[in-house]
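Please treat every number below as a calculation from the coordinates, not as lab data. Just so it is clear, the model here is predicted, and its values are computed rather than measured. Note: ideal-geometry Cβ built from the backbone for every residue, glycine included; neighbour counts use all protein chains shown.
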Amino acid sequence: MFTVKVMDYNEGNPELSCHDSESLLDAANKRGIKIPYACKGGGCGMCKIKVEEGDFERGPSSKEVLPDAERTMNYTLACKTYPKSDMKILIDMSKFIHSS
């Protein structure tokens, strides 16, 4: 079991516990931490987060919603992200992804 700290949540910096076989999205939902999502299958991109610290395994997801360039910058989809260590994550992508 790993500890995941959410660094930019509106109500402080909550922590959640997550097994390595449980997605970050499922763990957050159990704890009442809201991460937007629609499909839970890696295809819509709504649950995109940024990993600031820690190791994780990324399950399969669409490269259209999570391109290789974003993957190398530690962006990932919460529905397809499984912790392999304690982690720190950012969930408010409006602060990081800017349209041109």
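Figures for the structure shown
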{"item": "Formal net charge of residues neighbouring R58 (Cβ-Cβ distance under 10 Å; K, R +1; D, E -1)", "result": "+1"}
{"item": "Simple Cβ-charge dipole of the chain, Lys/Arg +1 and Asp/Glu -1, about Cα centre, in debye nearest 20", "result": "240"}
{"item": "Neighbourhood net charge (14 Å Cβ-Cβ; Lys/Arg +1, Asp/Glu -1) for S23", "result": "+3"}
{"item": "For the range 2-94: rounded, prolate or oblate by the Cα gyration tensor [a/c cutoff 1.5]", "result": "rounded"}
{"item": "Under 19 Å from K88, Cα to Cα: aspartates and glutamates that are on another chain or at least 8 residues apart", "result": "D8, E11, E15, D20, E22, D26, E52, E53, D55, E57, E70"}
{"item": "Share antiparallel - DSSP beta bridges, the chain, percent rounded to 5", "result": "80"}
{"item": "Pair M1, E57: separation of 7 Å Cα→Cβ label points (nm)", "result": "2.0"}
{"item": "Options Y37, H19, G54, ranked by Cα towards positive dipole end of the chain, top entry (Cβ charges)", "result": "Y37"}
{"item": "Packing-based order for 25-35, 43-53, 63-73, using average beta carbon neighbours within 10 Å, highest first", "result": "43-53, 25-35, 63-73"}
{"item": "Residues in the range 31-60 reached by a label modelled at D86 [backbone nitrogen below 13 Å; 7 Å Cα→Cβ]", "result": "53-55"}
